[in-house]
Amino acid sequence: MRLADPTLEQSSVALSSSSPSPEARETDVTPEDVRTMTQYLRKARDRAIDIRERSPAGSYLESVLTRTIDSLTLELSQLDYLLTSKPVNVVMHTRRMRPAI
């Protein structure tokens, strides 16, 4: 997956978590698409939390939902980081102090 705006991201990321395979495809994604994905994942996480609260304590369902919620939370934090990260090719040339005389 890579952002559609080249100023935001220069490299592409494979959709699989393992080493890139020949059948891995790249997908152009806009920042708005990422926001839509985060909104969907937040709703899914909230729904999983509601279901977990109604499940019996110590049950298999509770343990599966806990792992699912943790994974969704991690994915959300990674997508939030992707949205807030600065572009790769931006070079800041601001001077903190004036040059010596």
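Observations, loosely collected:
- Here S12 does not fit the description of being in a loop (DSSP other than H, G, I, E, B) and either loosely packed, with under 12 Cβ neighbours inside 10 Å or modelled with pLDDT of 55 or more (or both).
- Failed condition for R45, given (1) open to solvent by less than 90 Å² (accessible area, probe 1.4 Å); (2) at pLDDT below 95; (3) in contact with a helix residue (DSSP H, G or I) (Cβ under 9 Å, 6 or more places away or on another chain): (2)
The values are calculated or read from the model by the stated rules, or taken from the named source; none is laboratory data. Predicted, not measured: the structure shown is a model, and the values here were computed from it. Virtual Cβ from ideal backbone geometry, glycine too; neighbours counted across all protein chains shown. Side chains are part of the model used for accessible areas, which takes the heavy atoms of the whole protein and leaves out ligands, DNA and RNA. Shrake-Rupley method; radii C 1.70, N 1.55, O 1.52, S 1.80 Å.
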